[in-house]
Amino acid sequence: MSKNNSTSTKEVNEFKIEDGKLCDSNASGIQPLCNFVAEITQDISVIDIDGVITHSYRISGINCLGVVLPTVEVRAVDFEKMDWPENSWGLDADIENLRGIKSKLAKAIKMNSKNVQKFSVYGFSGFVKIEEELGYVTTSGCIFADRFDTSIKAYVPGALVQYSVSNDYGGDFDLKENILEILHKTDCYKNNKSVSVVIKGFIFRSVLSYLNPLELSLFMVGGTGAYKTTAAMNFQSFFGRGFCDSGAPATFNDTGMAIESKRKSIQHGIMVADDFVTTVENKKNEDAAKADTFFRGVASKTSRDRCSANGQLIQTQYGGASILATGEHVPEGVLQSLNERITFLAIERSDVDIETLTRMSENAKAGDFEVLMFYFIQYIIKHEDKIKEEINKKSNNFRDRLKKDTNNTFHPRRYNNAASLLVGLYYFVRFALHHKVIHKKQANKIFREYLELIGQVMLEQERILNSNSAHTQLCDFILKGLKTNKFHLETYQKVENKCETDSLCIGWYDEKKSAVYIKSEAAVLNKMCKSVPENLKKILLVNSASFWRSILQENGLVKTDPNKTTIRRKPVLNGDSQRVYYLDIELDSAL
């Protein structure tokens with residue numbers, strides 16, 4: 001907005017601009033409404049995923065002292081309240097404190113807005129139908145089968161603006177070379193190739209969720225130094241190169257409502273939710289509840305009816321971003337109901353290939369992954385009808401193959417998850433074939449490797465999930481105590497040195513049966529608590545009996561040994577038989 005002459009007077013219908021202020025002109029004279037002049041420069045129609053249109057205004061201004069007020073964006077429903085000038089412009093904007101002044105000022109600003117630019121945007125990123133033509137809208141423009149239209153854009157808040165998939169590269173983009181890079185050179189965890197394969201399958205499958213819903217989330221689990229966030233953001237950059245600098249679009253520090261709102265703004269793509277870690281004991285339940293609600297929303301894809309502003313019933317479409325989460329441990333409380341809707345990837349620091357990870361980061365920032373995704377989306381659009389016709393059949397075939405290979409030993413959802421990942425990988429390999437990057441024999445070899453790696457991930461889920469169980473933590477605790485002589489087992493032959501005087505006898509080792517029996521007396525359990533980890537100590541101190549019962553339910557400690565012998569045992573030394581717990585652990589190999 002150009003600066004006004006502070007001494008000028010200008011008519012605005014029943015309002016005037018005088019001395020750089022919007023004023024009310026009536027029979028009583030001229031009454032200033034505020035200390036500034038403002039006008040609406042843009043009227044933005046925002047189309048949400050349900051087709052509901054809302055409006056937003058971009059407003060610029062200048063105050064009577066000549067201070068240019070920065071352009072602000074205000075939702076139409078909030079405009080009339082007139083709280084936004086002070087919230088956005090602070091002390092530079094002052095509204096007179098008179099009855100009815102805000103409604104007059106709102107009207108004056110509208111009447112002062114002569115050359116308003118009107119345009120429509122989409123309130124989400126993802127696939128849209130525009131006059132029967134399929135497109136994929138991003139914050140940079142809309143991808144069609146044969147073009148990129150920068151006049152049609154997604155309008156999403158905050159960090160989500162980085163969802164900007166385009167073909168803008170700033171030089172010659174070698175599509176074939178970049179496809180080969182993704183096929184063969186993205187194993188950033190050298191000792192665990194399945195990690196990058198699973199994430200690649202997840203990325204391409206998320207785009208296909210327009211044609212077939214995806215109810216799967218990924219969770220990268222590992223300690224500090226495993227470069228989880230760096231790897232995750234490299235893969236996030238398939239949907240916008242700016243993510244490498246801006247950081248994750250969501251974190252577990254966000255409120256549950258904020259995360260879900262972000263997820264709904266991104267259709268047919270992934271969203272990294274970074275850094276699940278619980279360090280404060282009294283927040284554990286709160287954090288677990290947030291994670292449970294979050295992952296449950298992704299898994300269920302539940303539609304909920306709601307009403308528009310005029311009271312019309314709207315059927316909300318299911319959808320939202322597919323979640324790639326990172327964290328230092330598996331969220332407690334999520335496992336009971338959702339563990340088969342999440343595929344967990346165990347990340348170890350020793351697995352990291354720094355050279356590959358660095359090269360991927362450089363390629364991501366350059367836009368290589370984003371532009372490749374642009375062409376993959378165009379491929380999906382061009383072959384929409386064929387893919388729609390066959391995608392369910394492909395998924396069922398992969399699921400049946402996996403069931404056969406594993407003797408149908410897993411939960412049905414685990415097979416569905418694995419089949420979904422294979423569908424994403426399958427269409428990326430088809431994309432490579434389409435562009436003649438590989439030939440059919442190479443494609444079959446690549447996909448056989450993918451099939452094997454996805455099978456390994458299915459098997460790995462048991463170990464990852466059980467690593468967080470009370471049984472596993474208990475076994476680790478006991479083993480560590482035995483190795484350091486904090487504890488000892490009577491008649492345990494592998495310990496040759498005499499135990500220290502302060503070593504606690506926690507039970508017996510029956511060498512003949514290769515069985516470990518843990519004493520059940522409260523005194524022994526309470527002494528163990530002195531060195532037990534915090535996550536077990538709280539349970540033991542509160543109620544040791546309930547802790548052992550929970551272990552029993554986890555199949556760690558059982559009421560009988562392998563020979564179905566009762567759990568009463570007589571000590572090695574003379575004495576009465578005692579109640580003990582049989583510990584399901586391979587002690588010889590563990591030590």
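The values are calculated or read from the model by the stated rules, or taken from the named source; none is laboratory data. Predicted model, so just to flag it, every value in this text is computed and none were measured. Here the Cβ positions follow ideal geometry from the backbone for every residue, glycine too, while neighbour counts run over all protein chains shown. Just the protein is used for accessible areas: all its heavy atoms, side chains included, with ligands, DNA and RNA removed. Shrake-Rupley method; radii C 1.70, N 1.55, O 1.52, S 1.80 Å.
Within segment 325-342, the set of residues being modelled with pLDDT of 60 or more, open to solvent by 10 Å² or more (accessible area, probe 1.4 Å) and part of a loop (DSSP other than H, G, I, E, B) comprises Glu328, His329, Glu332.
Among the residues of segment 107-121, those identified as open to solvent by less than 40 Å² (accessible area, probe 1.4 Å) and of a type outside the set (A, V, I, L, M) are Asn112, Ser113. Every condition in (1) part of a helix (DSSP H, G or I); (2) more than 34 Å from the chain's Cα centre (by Cα); (3) modelled with pLDDT under 95 is met by Ala159 except one, and the failing one is (2).
Looking only at segment 393-429, residues that are of a type in the set (D, E, K, R) and without any contact (Cβ under 8 Å) to a residue 40 or more places away in the chain come to 6 in all.
Note on segment 228-277: enclosed helices (runs of 4 or more DSSP H) holding 3 or more residues that are free of Cβ contacts under 8 Å to residues at least 60 places away in the same chain and small (Gly, Ala, Ser) are 256-265. Consider segment 167-193 and keep the residues that are in contact with an Asp or Glu (Cβ under 7 Å, 6 or more places away or on another chain) and assigned to a loop (DSSP other than H, G, I, E, B). The one that is least open to solvent (accessible area, probe 1.4 Å) is Cys188. Only a single criterion out of (1) open to solvent by less than 20 Å² (accessible area, probe 1.4 Å); (2) touching a Cys at 6+ places or on another chain (Cβ under 7 Å) is not satisfied by Phe124, namely (2).
Scan segment 381-391 and give yes if some residue there is crowded, with 20+ Cβ neighbours inside 10 Å and at pLDDT 95 or above, otherwise no.
Scanning segment 381-391, I find at least one residue that is crowded, with 20+ Cβ neighbours inside 10 Å and at pLDDT 95 or above, so the answer is yes.
Tally up the residues in segment 452-482 that are modelled with pLDDT under 70 and either surrounded by fewer than 17 Cβ atoms within 10 Å (Cβ to Cβ) or assigned to a helix (DSSP H, G or I) (or both), please. Selection size over segment 452-482: 9. Regarding Asn115, is this residue over 23 Å from Gln378 (Cβ atoms) and in a loop (DSSP other than H, G, I, E, B)? So Asn115 passes the test. Residues in segment 129-155 that are open to solvent by 10 Å² or more (accessible area, probe 1.4 Å), free of Cβ contacts under 8 Å to residues at least 24 places away in the same chain and under 27 Å from the mean Cα position of the chain (by Cα): Lys129 only. Quick check, is Asn396 farther than 16 Å from Glu449 by Cα, more than 25 Å from the chain's Cα centre (by Cα), modelled with pLDDT of 95 or more and not hydroxyl-bearing (Ser, Thr, Tyr)? So Asn396 passes the test. Residue-level analysis places Lys104 outside the set of residues that are open to solvent by 20 Å² or more (accessible area, probe 1.4 Å), in a loop (DSSP other than H, G, I, E, B) and either under 18 Å from Asp78 (Cβ atoms) or out of contact with any strand residue (DSSP E or B) (no Cβ under 7 Å at 6 or more places or on another chain) (or both).
Taken over segment 12-61, the criterion of being polar (S, T, N, Q) and within 45 Å of the chain's Cα centre (by Cα) is satisfied by Thr41, Gln42, Ser45, Thr54, Ser56, Ser60.
Among the conditions (1) closer than 21 Å to Arg205 by Cα; (2) open to solvent by 40 Å² or more (accessible area, probe 1.4 Å); (3) modelled with pLDDT under 90, the only one that Lys403 does not satisfy is (3). Which is modelled with pLDDT of 95 or more, assigned to a strand (DSSP E or B), under 18 Å from Ala106 (Cβ atoms) and polar (S, T, N, Q), of Ser56, Ser60, Ser25? Exactly one residue qualifies, and that residue is Ser60.
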